[in-house]
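Let me begin by presenting the structure, written as structure tokens, before commenting on it.
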Amino acid sequence: MDELKKEMLKTLPKIDEVLLILEKQNIYVLTPREIVKETCRKVVQDLRDKIVNARKNISTESCPDATAVACEVEKSIKGLYRYSLRRVVNATGVILHTNLGRAPLCPEALQRIMEVGSSYSNLEFDLAKGERGQRYDHVSSLICALTGAEDALIVNNNAAAVLLVLNTLAEKKEAIVSRGELIEIGGEFRIPEIMKKSASKIREVGTTNRTRLGDYEKAVNDKTGLIMKVHTSNFRIVGFTEEADIESLVALGKSRGIPVMDDLGSGCLIDLNLYGLQHEPTVRETLATGIDVVTFSGDKLLGGPQTGIIVGKKEVLAKIKKNPLNRALRIDKFTLAALEATLMHYLNPAQAVKKLRALKALTESVVDVKKRAEKLITKLQKENFDSLKFSIREDFAAAGGGSLPTQQISTILVAIKNKKMSASKMEEKLRKIEVPVIARVDKDEILLDLRTIAEDEFTFIIEGLKQVNT
Ligand SMILES: *Cc1c(COP(=O)(O)O)cnc(C)c1O
């Protein structure tokens, strides 16, 4: 280390010195001593690291004194009192945006969370018998009614559902899967890796674009534990393709005594064709093939809380329920409460697409989206933003969340041009305000997609633009 760096490290303020300043400012009235001390140590350590790792010589003037460090510590502690997980306005047009929390919950789900969470509940208590019950029982009848399944089991998310099914049915055995279905979902979820962790061995068959029934037939042997199908939910292979249909895989499984599963992913409960969208296989349709197990997410097209739902044949589900891993992957009471309320809407599918925000955003007519865009523009123009220019634009939104990858969903954007600020600067500023507005940038404009913006969020956009422009 060079001399200058050594010199600078020596001039760094002592922790006690900084603590003394903070004590005089009565910091301990609000914050426990340990936290102040620890933060202090961290801030000084960061300064040390910065000096040690600096590539070029930094000037001695850039070395802060005790007062400046105390200020930094105070700022860092203030950050602890600010919620990190907050609501945002999703202006991206990506309806099931995994980074923005996927599906927003319906009011009934939130009401149920409040009720069940703020008191004791019959979570694992059978009120009729007065004895211990199972938490899944609260939603299994509803799920079976809505999908035609014999039984249902809920875990933390769909990745957990896949892991649990594989581990139960194919531990130390082979699971046969097509090469065209060895997918990555994102966020480190890759089918081959999850299979490895489940202690089952992948038996790949076919090719990327073509896999036939015969490929599966040839691969079956006495070590086969499972035939697995994975819905390619976030991409499509088009052109010279072929895959074995579920019916013939089910027939193969039956004749050889091997269970068959389908990782359906998005978990659609309604016929999207009715709303002018591409067909997405529904859970009911998939189960009607006689398949043993189907897994899907609760917070994708279903539009509810984060869960993994496992449905299928009673005997197979009984085995899965007994797996000790199930205990490690179990869902909490809030999720269960929200899931039950979400599922109940599906008893009236026409209502479900109105009440569940993700489904509503997906199926809403572009005419209605446009009306909302015009309303927003009218409101914005009343505010007399001198440097802003607003216009309306047509574009396409996306389902997101690994669903309907090729579906183009017509949408309407409000484009904003700022005479005094670049679009990327404005995007950054809108992202850092109290209720962040997450928008897209296109050249010198920022774009707000009205398909994912609700009318009651207009005030956040208007307030946000005011803050950004002052
Ligand atoms: C999304 C998806 C998963 C992962 O589900 P999570 O609920 O995000 O854990 C697994 N498989 C498929 C086919 C998916 O689409």
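Nothing in this text is a laboratory measurement; each read-out follows from the coordinates by a stated rule. None of these values were measured; they are calculated from a predicted model. Virtual Cβ from ideal backbone geometry, glycine too; neighbours counted across all protein chains shown.
Given their separation in residues at 0.36 nm each and the Cα-Cα distance between them, Glu188 and Lys354 gain 56.4 nm when the chain is fully extended. The angle between the Cα long axis of helix 246-256 and the main principal axis of the chain comes to about 60°, on a 0 to 90 degree scale.
Rounded to the nearest 20, the Cβ-based charge dipole of the chain about its Cα centre (Lys and Arg +1, Asp and Glu -1) stands at 620 debye. Close amide H partners of Arg102, meaning residues 5 or more places away or on another chain with modelled amide H under 5 Å apart, are His97.
Couplings 3J(HN,Hα) for the range 166-175, derived from phi with the Karplus relation 6.51 cos²θ - 1.76 cosθ + 1.60 (θ = phi - 60°), are 4, 5, 6, 9, 9, 5, 6, 10, 9, 10 Hz, where x marks Gly and Pro.
Counted residue by residue at 0.36 nm each, then reduced by the alpha carbon distance between them, the extension gain from Glu463 to Glu3 reaches 160.4 nm. Say the cut-off is 31 Å between C-alpha atoms; which of Lys129/Lys360; Lys300/Lys371; Lys37/Lys197; Lys218/Lys314; Lys172/Lys313 go over it? Flagged as over cut-off: Lys129/Lys360; Lys37/Lys197.
With a Förster radius of 41 Å applied to the beta-carbon distance between Glu115 and Ile377, the computed FRET efficiency rounds to 0.55.
Rounded to the nearest 500, the helix-only mean residue ellipticity at 222 nm of the chain stands at -12500 deg cm²/dmol, with each DSSP H run of n ≥ 4 adding -39,500 (n - 2.57). Put a plus charge on the Cβ of each Lys and Arg, a minus charge on the Cβ of each Asp and Glu, and nothing anywhere else: the dipole of the range 228-317 about its Cα centre is then about 200 debye. Remark: spin-label model distance Arg86-Asn26 equals 2.7 nm, labels positioned 7 Å along the Cα→Cβ axis. Estimated translational diffusion coefficient (Stokes-Einstein, Kirkwood radius over Cα pairs, 25 °C, 0.890 mPa s) of the chain: 94 µm² per second.
Starting from the amide H of Cys63, placed 1.01 Å from N in the peptide plane, find each other amide H under 5 Å away whose residue is 5 or more places distant or on another chain. Here the answer is none, since no amide H 5 or more places off falls under 5 Å of that of Cys63.
In the chain, Cα pairs under 8 Å separated by at least six residues give a relative contact order of 19 percent. Each residue of the range 82-89 was assigned a 3J(HN,Hα) from its phi angle through the Karplus expression (A = 6.51, B = -1.76, C = 1.60, θ = phi - 60°), giving 10, 4, 8, 8, 9, 6, 9, 8 Hz with x at Gly and Pro.
Remark: the range 27-105 carries a charge dipole of roughly 300 debye about the Cα centre, counting +1 on each Lys and Arg Cβ and -1 on each Asp and Glu Cβ. Under the rule that an exposed site lies in a DSSP loop and has at most 14 other Cβ atoms within 10 Å, name the longest stretch of the chain with no chymotrypsin sites (Phe, Trp or Tyr not before Pro) of that kind, not counting the sites themselves. The answer is 241-470.
Centre-to-centre, using Cα atoms only, the range 288-307 and the range 329-398 are separated by 22 Å. With the contact rule set at Cα under 8 Å and sequence spacing of 6 or more, what percent relative contact order holds for the range 106-355? In percent, rounded to a whole number, it is 27. Residue ranges 349-360, 31-42 sort as 349-360, 31-42 when ordered by packing (mean number of other C-beta atoms within 10 Å per residue, highest first). If you plug the beta carbon distance of Asp137 and Lys417 into 1/(1 + (r/R0)^6) with R0 = 60 Å, you get a FRET efficiency near 0.60.
List the residues whose amide H sits under 5 Å from the amide H of Ile409, counting only those 5 or more places along or on another chain, with H placed 1.01 Å from N in the peptide plane. Sorted by chain and number, the residues that satisfy this are Ala397. If you line up the long axis of helix 137-147 against the longest principal axis of the chain, both from Cα atoms, how many degrees apart are they, to the nearest 10? Taking Cα atoms only, the helix is inclined about 60 degrees. Here the translational diffusion coefficient of the range 106-355 follows from Stokes-Einstein with Rh set to the Kirkwood radius across Cα pairs; for 20 °C and 1.002 mPa s it amounts to 115 µm²/s.
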